[in-house]
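Participant: My questions will all concern the structure given below.
The values are calculated or read from the model by the stated rules, or taken from the named source; none is laboratory data. Remember, it's a predicted structure, so these values are computed and weren't measured experimentally. Ideal geometry is used to build each Cβ from the backbone, glycine not excepted, and the neighbour counts take in all protein chains shown. Surface areas here come from the heavy atoms of the whole protein model, side chains and all, with no ligands, DNA or RNA. Shrake-Rupley method; radii C 1.70, N 1.55, O 1.52, S 1.80 Å.
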Amino acid sequence: MDSRKDFRRTILVVDDEAVNREMLSSILSQEYNVLSVENGKEALAFIRKRKGKISLILLDLLMPEANGYEVMEAVKKNPEFARIPIIVLTSEKAAEVKSLQMGASDFLTKPYDSPEVILARVRHSIALAEDFRLIQSTERDFLTKLYNKEFFYEYATQLKELNPNSVMDSIVLNLTSFHLINEIYGLSFGNIILQTVADGIIQLAEESNGIGGRYSADGFFLYMEHRDNYGLLLEHLESYLSEILKETEVHVRMGICPGTFLSVSIQQSFDRALYACNMLRDKFTSAFLVYDEQIHDEEVKKARLLSDFANAVEKRQFHVFYQPKYYIQGEKPVLSSFEALVRWTHPKFGMMSPTSFISQFEKNGLIQKLDKYVWKEVAEQMRKWKEIFGTTIPVSVNVSRVDLHDPKIVEYLLQITKDNDIEPEQFLLEITESAYLADNSILVGTVNKMREAGFKVEMDDFGSGYSSLSMLATLPIDAIKIDIGFIRKIIYDKKTMYLVNVILEIAKQFKIPCIAEGVETKEQLDLLKDAGCDIVQGYYFSKPIPADEVIELRRNGLKREL
């Protein structure tokens, strides 16, 4: 026997007439391994035994012990065999239509055509079946049997086009903290969770004339007929998971772009649903969020700000304002320095405070360019003031976490202070508490280099994170700014004031000056002064002002009698 036949496709001939079996075997054996049986009963037993190894069935319809129709019905009903192509052997024209309706891929009419025609039909049927299996294997996720992202978009688009009058919702589902499940309980348990979620999505899709998909390791798509009560939808999904997840912290969060909101492509609608879903990260007030007009406007605004950034820098739309800081441990408050605060005069949105754009720039890597813009502006302004007053007015500037990863940051700061005839110790650097807490070894090393170069470093927003008071002794800082959240509560919350007293007392023992920001009332000022706070800033003294008003303030002193 030729060993190469072991690697050839196998064809099963089912016919009760020996002459037909022999003739077909003779024709097909040129290219295929050919096996044959004489009735439907033997055929079904053979198919069950050799499942997965048969590439095509040539099936006669009129046979004893299970006819061809019975064999075809049994094969097509069994998921293990349903994809095997069947070519029907018949001499009855009327049988062709019924055979095709039952799932036959083709037919050969008795008496048979030439060998070339038979081989061509066999090749064609096998090729179509294999192409279909290939598509099936790539269009669906192996684990969950849901459509993968690319095929999901394609079929959802087709569904939308075929049902133009239906209102369909685009829904993104994600499992919170799922990576921990794999680490703690293992991949097998994690797979069970994913399959359970997928089962719920498949059922919902079937009930609502929709389809489901999987777009990431723990992320799913659901395209379904519109409904108003998304809470019930979420409950339905979590009911699938209630038993298996009762000992875990995994939950489903859901973002929805309703079909009633604007008319966009399938991919755009799911992008919006994903955006809504991601907005729920680290939030526990709700498990689902509907993408609406307000979210859309905010998203468009953020995109507009990012795209306008380069032009804003080029056209100098960013302006630096200065808020004065006063030393208060004396008979009267004395102006000691300023904090530089950036504002954006946007052509569409008008004057914008940093809270409107800073976090967005931090996420997208633009913050470092903005920081350098502000540092340069401040250094040049300090030089101008020095020429007017004959002395340097200290100004503090913000240093973002990303700046601290720049190996040339200290070199850059030294260069701009040198270019503007400023002593580094007058160019104060404010670094948020969270920056110290993250990646401590690298950032602290950079801060040490800054101080060695002569710069004074202030820890901003002290107390806003999970800081320890021991940080005051162990980290390289020259001053701390108590978080504004504490200052706002010291009048009516005795516990907060007690905590501020503790911070101030420990800082005093370590000889680290304290700055309080956000001081708006005389009561706050008096409490802080009595507690030993060194420096304050806030609207009680002055709002942030443009550079030209600093000259007047410097000459005239305080704007109010104390």
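Participant: Using a simple spin-label model with points 7 Å from Cα along the Cα→Cβ vector, what separation in nm is obtained for Thr521 and Lys302?
Facilitator: 3.5 nm
Participant: Assuming R0 = 35 Å, can you tell me the calculated FRET efficiency for the pair Asp131 and Glu183, based on Cβ-Cβ distance, to the nearest 0.05?
Facilitator: Calculated value: 0.30.
Participant: Give the long-range amide H neighbours of Phe321: residues separated by 5 or more places, or on another chain, with amide H under 5 Å away, using H modelled in the peptide plane at 1.01 Å from N.
Facilitator: Long-range HN contacts for Phe321: Leu341, Val342, Arg343.
Participant: Could you list which residues have their amide H under 5 Å from that of Ser336, counting only those 5 or more apart in sequence or on another chain, with H placed in the peptide plane?
Facilitator: HN-HN under 5 Å from Ser336: Lys325, Tyr326, Tyr327.
Participant: If I take every Cα pair under 8 Å that is 6 or more residues apart in the chain, average their sequence separation and divide by the length, what percent do I get for the relative contact order? The partial results should precede the final answer.
Facilitator: Numbers: 860 pairs, mean separation 42.8, N = 562.
Once divided by the residue count of the chain, the mean separation gives 8 percent.
Participant: Also, I was wondering about something else. Quick query: amide H of Gly538 versus all other amide H atoms, modeled in the peptide plane; which residues come in under 5 Å with a sequence gap of 5 or more or a different chain?
Facilitator: Long-range HN contacts for Gly538: Gly518, Val519.
Participant: Hey, can you list the DSSP H helices of the chain whose Cα span along the axis is 24 Å or longer and whose average Kyte-Doolittle score is at least 0.0? Display every interim value, and only then the final one.
Facilitator: Numbers: long enough: 115-139 (36 Å, 0.14); 187-207 (30 Å, 0.80); 293-314 (32 Å, -0.71); 367-389 (32 Å, -0.89).
Qualifying helices: 115-139, 187-207.
Participant: Then there's this: Hey, rough spin-label estimate for Arg555 and Asn278, points 7 angstrom out along Cα→Cβ, what's it come to in nanometres?
Facilitator: The answer from the label model is 5.2 nm.
Participant: Still on this structure, please answer the following. From the helices alone, meaning DSSP H stretches of at least four residues, give me the mean residue ellipticity at 222 nm for the chain, per-run term -39500 (n - 2.57), in deg cm²/dmol to the nearest 500.
Facilitator: Details: 21 runs with 259 residues, N = 562.
Helix-only estimate at 222 nm: -14500 deg cm²/dmol.
Participant: Note the full-extension length gain between Val167 and Asp530 as 0.36 nm times their separation in residues minus their Cα-Cα distance, in nm to one decimal.
Facilitator: Here the segment from Val167 to Asp530 would lengthen by 124.2 nm.
Participant: Please state the relative contact order of the stretch 67-170 as a whole percent: Cα pairs under 8 Å, 6+ residues apart?
Facilitator: Working: 70 pairs, mean separation 18.7, N = 104.
Computed value for the stretch 67-170: 18 percent relative contact order.
Participant: Assuming 0.36 nm per residue, please report the length gained on full extension of the stretch Asp421 to Glu380 beyond their Cα-Cα distance. Provide the component values of the computation, followed by the final result.
Facilitator: Details: separation 41, 0.36 × 41 = 14.76 nm, distance 0.93 nm.
So the chain would gain 13.8 nm between Asp421 and Glu380.
Participant: I would also like to ask the following. Once the Cβ-Cβ distance between Gln101 and Gln294 is put in as r, and R0 is 51 Å, what FRET efficiency do you end up with, to the nearest 0.05?
Facilitator: Working: r = 53 Å, r/R0 = 1.04.
In this case the efficiency is close to 0.45.
Participant: Moving on to the next point. Separation of the stretch 103-167 and the stretch 274-317 by C-alpha centroid, Å?
Facilitator: 42 Å
Participant: So, one more: Taking a probe of 1.4 Å, how large is the accessible area per residue of the chain, in Å²?
Facilitator: Working: 29040 Å² over 562 residues.
Each residue of the chain exposes 52 Å² on average to a 1.4 Å probe.
Participant: With a cut-off of 17 Å, note down the residues of the stretch 18-41 whose backbone N falls inside the zone around a label point 7 Å from the Cα of Glu70 toward its beta carbon.
Facilitator: So the set is 37-41.
Participant: FRET efficiency for Asn191 and Ala45, Cβ-Cβ distance as r, R0 = 45 Å, nearest 0.05? Please report the intermediate quantities before stating the final value.
Facilitator: Values: r = 34 Å, r/R0 = 0.76.
Here the calculated transfer efficiency is 0.85.
Participant: Next up: On the protein heavy atoms, probe 1.4 angstrom, tell me the percent of accessible surface of the chain carried by carbon and sulfur.
Facilitator: Its accessible area is 51 percent carbon and sulfur atoms.
Participant: Under a 1.4 angstrom probe, counting protein chains only, how are His319, His346 ranked by accessible area, largest first?
Facilitator: Values: His319 75, His346 5 Å².
Descending accessible area places them as His319, His346.
Participant: So for the chain, taking the charge dipole from beta-carbon charges (+1 Lys/Arg, -1 Asp/Glu), which of Leu100, Val399, Val172 sits furthest toward the positive end?
Facilitator: Toward the positive end, the furthest listed residue is Val399.
Participant: Note down the relative contact order for the stretch 237-365 as a percent, whole number, built from C-alpha pairs under 8 angstrom at least six residues apart. Could the numbers behind the result be given before it?
Facilitator: On the way: 123 pairs, mean separation 20.1, N = 129.
Once normalised by length, the contact order is 16 percent.
Participant: Specify which residue in the list Asn20, Ala310, Tyr223 is farthest towards the positive end of the charge dipole of the chain, using unit charges on the beta carbon of Lys, Arg (+1) and Asp, Glu (-1), about the Cα centre.
Facilitator: Value: Ala310.
Participant: Quick check for me: using +1 on Lys/Arg Cβ and -1 on Asp/Glu Cβ, what's the dipole size of the chain about its Cα centre, in debye to the nearest 20? Before the final figure, lay out each step's value.
Facilitator: Working: 67 positive and 83 negative charges, 209 e Å.
Dipole of the chain, to the nearest 20 debye: 1000 debye.
Participant: Please compute the length gained on full extension between Ser239 and Val502, using 0.36 nm multiplied by the number of residues separating them and subtracting their Cα-Cα distance. All intermediate terms of the calculation are to be shown ahead of the outcome.
Facilitator: On the way: separation 263, 0.36 × 263 = 94.68 nm, distance 4.92 nm.
The Ser239-Val502 span can extend by a further 89.8 nm.
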